[in-house]
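Single-structure report; data block below.
The values are calculated or read from the model by the stated rules, or taken from the named source; none is laboratory data. This is a predicted model, so every value here is computed, not measured. Neighbour counts are summed over all protein chains in view; Cβ atoms, including those assigned to glycine, are modelled from backbone coordinates with ideal geometry. Surface areas here come from the heavy atoms of the whole protein model, side chains and all, with no ligands, DNA or RNA. Shrake-Rupley method; radii C 1.70, N 1.55, O 1.52, S 1.80 Å.
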Amino acid sequence: MPINDNQVVTLNFTLKDDKGSVIEETTKETPFSYISGNSQILPKLEENINGMLIGSKKSVVLEPTEAYGEYKEDAIQSVNRSEFPEGTKLEEGMGFVANTPDGKQMPFTVTKIDGDDITLDFNHPLAGKKLTFEVELLNIRDASPEELQHGHVHGADGHHH
Ligand SMILES: [Zn+2]
């Protein structure tokens, strides 16, 4: 039975990079849920899950372009420390979110600090990586009208108000 749009799909997954290191992992106690057909997960991943049966497992391999994009050198920028609000504590490896003038949110990572010269990387942390999702499909059910209106899953494995 294929998954239709607007269903709540619950699964466990282990996400690994191409070296086999675990990047993210859900557990039996904290499975992951999303509403199908609503672009809530990577399209290519969703396409692969759509053919799965409850209880089945599948390994889905995504090239960088099917996942978080290629790593872009021009997404690296140098700024002066003074561009940060005064008193901001900066350390290499820290993540921030910048608000662009048109209201978009741009996450970035501080990759290098050299005195007042701060190097920022606006690439997604998983950009340029080939990813493997080991998926176990746990459940499929219809989403409630309220869930569809809110755009997220309610209940035991979802959002709590
Ligand atoms: Zn809600």
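Helical runs (DSSP H, four residues minimum) scored at -39500 (n - 2.57) apiece and divided by the length of the chain put the mean residue ellipticity at 222 nm at -2000 deg cm²/dmol.
Per residue Cα convex hull volume for segment 16-113, in cubic angstrom?
In segment 16-113, the Cα hull volume divided by residue count equals 188 Å³.
Restricting segment 4-41 to GluC sites (Glu not before Pro) that sit in a DSSP loop and have at most 12 other Cβ atoms within 10 Å of their own Cβ leaves E29.
Here the chain carries DSSP beta bridges of which approximately 95% are antiparallel, counting only pairs with both residues inside. Over the chain, accessible surface divided per residue gives 63 Å², non-protein components excluded, 1.4 Å probe. Inter-label distance, K89 to D5: 4.7 nm, where each label sits 7 Å from its Cα along the C-beta direction. Of all accessible surface on the chain at a 1.4 Å probe, what whole percent is carbon and sulfur? Solvent-exposed carbon and sulfur of the chain make up 49 percent of the total.
All C-alpha to C-alpha distances of segment 94-140, sorted into 10 Å bins beginning at zero, yield P(r) values of 21, 31, 27, 16, 4, 1 percent in whole numbers.
Measuring with a 1.4 angstrom probe and ignoring ligands and nucleic acids, K129 comes out at about 70 Å² accessible. Please work out, to two decimal places, the log10 of the ratio I(q)/I(0) at q = 0.15, 0.17, 0.21, 0.24 Å⁻¹ from a Debye calculation in which every Cα of segment 50-161 carries one identical scatterer. Those come out to -0.92, -0.99, -1.11, -1.24, one per q.
Residue order by solvent-accessible surface for V79, V22 is V22, V79, largest first, with ligands and nucleic acids left out and a 1.4 Å probe.
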